[in-house]
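Structure, as structure tokens:
The values are calculated or read from the model by the stated rules, or taken from the named source; none is laboratory data. Just so you know, these numbers come straight off a predicted model, no measurement behind them. Cβ placement follows ideal geometry from the backbone for every residue including glycine, while neighbour counts extend to all protein chains displayed.
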DNA sequence: CTGAAAGCGCTTACAG
DNA sequence: CTGAAAGCGCTTACAG
């Protein structure tokens with residue numbers, strides 16, 4: 001493996017000069033820099049990140065920590081983050097966290113993460129207070145994408161607003177019997193996304209003079225399968241919504257699938273609105289409150305890089321990106 | 001950051017002993033090992049991968065290199081690989097390669113990759129001969145998932161067989177006018193997947209005494225959008241297939257979407273079969289030749305780890321995993 | 001079974 | 001503007 005000494009020999013300078021020249025540090029004569037750069041290029045030399053990390057403490061890598069969830073959402077966050085990380089010479093390390101406590105401890109309790117990466121993106125992950133503490137103790141810039149983590153800077157959408165916009169759309173189409181599918185009864189960590197979207201739903205109903213019917217709220221995690229179950233639950237309860245607001249597009253897809261399986265036509269018999277604008281939502285003609293998840297990943301990464309440049313601080317600013325209603329064919333005016 | 005000297009101090013031994021004890025090396029007294037492990041646990045100590053990489057040359061990380069393609073496929077490969085890498089204490093580094101040559105050179109020409117990781121998974125990436133050479137020059141175990149790369153070990157499905165199985169299914173349902181959607185006219189790197197699946201298609205047709213009609217083959221990359229365009233192209237050519245074999249499920253989804261938009265019913269008017277068993281295929285009732293992509297990722301990762309343990313060799317074995325027809329509701333017998 | 005010391009490939013004060 | 005040298009945190013012959 002070509003190392004810095006070979007480059008130095010070839011360029012006829014010391015390794016110190018090579019180091020400075022290649023990193024664009026000031027105080028290197030222009031022609032010296034040029035010949036070093038040439039020598040490095042000819043040899044295909046790049047400084048070993050491991051070796052450079054030792055004296056500097058910088059690894060040149062950023063971690064994206066997400067749940068094991070194999071969803072479109074986390075993929076999109078990573079893609080966005082990767083775009084800007086690559087462009088800035090950082091590598092992207094992926095950590096998937098299960099719900100198993102021991103697995104999580106491995107990441108949070110040990111200092112592995114801290115020793116591996118310069119900064120951390122938390123992608124829509126439910127964290128315990130201890131985990132938040134551990135994250136801070138790492139003394140590395142952290143950025144959350146998704147729900148607000150107290151004391152942590154964050155990129156997000158306004159989930160209450162999202163719920164309101166989705167529900168208002170249905171109300172304006174004349175619907176009054178509007179169900180909500182979302183919220184995970186198993187969630188021990190208080191993941192706020194579903195409750196907030198439901199708050200918006202409740203607000204919008206109240207604003208329209210509609211009293212929310214508890215029987216119209218059915219639980220659903222963020223998966224297609226959960227949507228299927230949610231619709232089944234709705235039927236088994238014997239309630240008859242004319243519209244459903246699903247906590248995510250994947251849930252909405254499951255609802256549409258199951259409804260059709262029961263001969264319920266969409267949108268003639270049932271209007272459905274989701275959240276996200278999943279890559280495949282247009283295929284289903286799904287009306288949705290769209291968010292640009294890749295952009296959120298990009299913002300998270302560039303914020304971290306900026307922070308890395310300017311020195312670590314404990315910023316906690318929250319960036320709220322817009323979410324906009326995209327009307328397609330899964331919702332329609334309620335025929336009286 | 002707690003380092004090895006603190007652990008040594010706490011355990012009352014030398015750093016050499018700590019190093020040996022923690023890595024499970026032989027020649028450490030049982031009680032010594034125990035007290036070292038306790039000290040390390042109390043301090044939350046983990047050896048710095050960067051520092052350890054310097055003397056050993058091992059980084060404890062594995063790269064997954066894939067195209068920028070934001071597809072389900074690459075995500076699934078990564079998920080599978082991550083499962084086994086995490087379980088074995090390796091971290092997963094993600095590299096997305098664009099089609100832009102300069103971006104690719106950054107990965108292949110420089111020795112960054114080699115200095116960053118111990119092994120490399122190539123996920124269904126079209127490589128030039130130079131890139132294959134560069135990969136070998138890195139002297140790191142490499143494993144391809146997807147198409148065979150000459151001289152490189154690989155996990156794959158038999159794409160000719162896949163094409164044959166899909167087409168035979170349609171033939172057995174009485175179809176004779178069977179279109180094929182796949183193959184990328186822009187592909188300069190000779191990506192073999194589509195051509196091989198088409199070979200299977202041609203073979204199956206011949207076996208049934210059907211002469212393939214060139215007008216029945218339309219190009220399509222591996223995306224939903226390409227499927228939409230492929231169906232549009234089929235219409236504009238004025239051919240009237242009663243069935244289509246799509247090179248992937250995403251292409252099939254696009255075809256179904258566009259066909260229905262034109263009032264063509266599936267499967268009454270058109271049978272469609274894809275390849276992959278994409279996570280969402282069941283939602284579309286899509287008949288498909290299923291492959292277990294996550295398992296392929298797992299196999300790739302465990303093969304690499306095995307190779308890492310046993311020392312680097314230039315193995316080139318090809319592991320072919322099964323692909324099986326899953327019949328759902330997008331295909332049906334042709335009514336005479 | 002254990003420890004002292006050299007060395008991995010860089011970066012960075014410190015001198016000049 | 002440039003170089004010699006110390007040091008980053010580990011691992012690994014080499015002694016004992």
Worksheet item: Looking at B:206, B:175, B:169, which is the one that is farther than 29 Å from residue A:281 by Cβ, part of a loop (DSSP other than H, G, I, E, B) and at pLDDT 95 or above?
Response: B:175
Discussion item. I'd like to verify a number: residues in region A:7-17 that are more than 8 Å from DNA strand D (Cβ to nearest atom) and in contact with a helix residue (DSSP H, G or I) (Cβ under 6 Å, 6 or more places away or on another chain), how many?
Written reply: 3
Discussion item. Just the residues that are farther than 12 Å from residue A:142 by Cβ and either touching a helix residue (DSSP H, G or I) at 6+ places or on another chain (Cβ under 9 Å) or part of a strand (DSSP E or B) (or both), please, taken from region A:112-130.
Written reply: A:112, A:115, A:116, A:124, A:128, A:130
Practice prompt. Among the residues of region B:108-134, write down those that are free of Cβ contacts under 8 Å to residues at least 60 places away in the same chain, under 12 Å from residue B:63 (Cβ atoms) and more than 14 Å from chain A (Cβ to nearest Cβ).
Written response: B:122
Practice prompt. Only one of these is more than 9 Å from chain B (Cβ to nearest Cβ), surrounded by 15 or more Cβ atoms within 10 Å (Cβ to Cβ) and not in a helix (DSSP H, G or I): A:46, A:13. Name it.
Written response: A:13
Worksheet item: Restricting to strands (runs of 3 or more DSSP E) lying wholly in region B:270-336: which have 1 or more residues that are in contact (Cβ under 8 Å) with a residue 24 or more places away in the chain and under 26 Å from residue A:71 (Cβ atoms)?
Response: B:271-276, B:287-290, B:324-326
Response to the item:
Filter region A:28-40 for residues that are crowded, with 21+ Cβ neighbours inside 10 Å and more than 10 Å from chain B (Cβ to nearest Cβ); the one that is nearest to DNA strand C (Cβ to nearest atom) is A:36
Practice prompt. Determine if region A:93-103 includes at least one residue that is in contact (Cβ under 8 Å) with a residue 40 or more places away in the chain, within 24 Å of residue B:105 (Cα to Cα) and assigned by TED's automatic domain parsing to the domain that holds residue A:303.
Written response: no
Worksheet entry | Sole residue being within 30 Å of residue A:154 (Cβ to Cβ), within 37 Å of the chain's Cα centre (by Cα) and assigned to a helix (DSSP H, G or I), chosen from A:63, A:53 | A:53
Discussion item. When you check residue B:137 against the structure, is it surrounded by fewer than 21 Cβ atoms within 10 Å (Cβ to Cβ) and within 14 Å of another protein chain (Cβ to nearest Cβ), yes or no?
Written reply: yes
Worksheet item: Do we have any residue at all in region A:6-17 that's over 23 Å from the mean Cα position of the chain (by Cα), at positive phi and within 12 Å of DNA strand C (Cβ to nearest atom)?
Response: no
Item to complete: Scan region B:210-228 residue by residue and report those that are crowded, with 20+ Cβ neighbours inside 10 Å and within 14 Å of chain A (Cβ to nearest Cβ).
Response: B:222, B:224, B:226, B:227, B:228
Practice prompt. Any residue in region A:1-29 that's in contact (Cβ under 8 Å) with a residue 40 or more places away in the chain: show its pairings with residues that are within 11 Å of DNA strand D (Cβ to nearest atom) and part of a helix (DSSP H, G or I) at Cβ separation under 8 Å, as long as the two are six or more apart or on different chains.
Written response: A:4/A:15; A:4/A:18; A:4/A:19
Discussion item. Among the numbered criteria (1) more than 10 Å from chain A (Cβ to nearest Cβ); (2) more than 30 Å from residue B:276 (Cα to Cα); (3) touching a strand residue (DSSP E or B) at 6+ places or on another chain (Cβ under 8 Å), which one does residue B:102 miss?
Written reply: (3)
Worksheet item: Can you find even one residue in region A:74-95 that is more than 18 Å from residue B:95 (Cβ to Cβ) and more than 8 Å from chain B (Cβ to nearest Cβ)?
Response: no
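Listed residues B:25, B:43; which is at pLDDT below 95 and more than 10 Å from DNA strand C (Cβ to nearest atom)?
Details: B:25 fails: more than 10 Å from DNA strand C (Cβ to nearest atom).
The conditions single out B:43.
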Item to complete: Of the numbered conditions (1) within 14 Å of another protein chain (Cβ to nearest Cβ); (2) in a helix (DSSP H, G or I), residue A:2 fails exactly one; give the number of that condition.
Response: (2)
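Please work out if residue A:195 is outside any helix (DSSP H, G or I), under 21 Å from the mean Cα position of the chain (by Cα) and without any contact (Cβ under 8 Å) to a residue 24 or more places away in the chain.
No: the conditions fail for residue A:195.
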Practice prompt. Run residue A:191 past the list (1) surrounded by fewer than 23 Cβ atoms within 10 Å (Cβ to Cβ); (2) modelled with pLDDT of 95 or more and report the number of the one that doesn't hold.
Written response: (2)
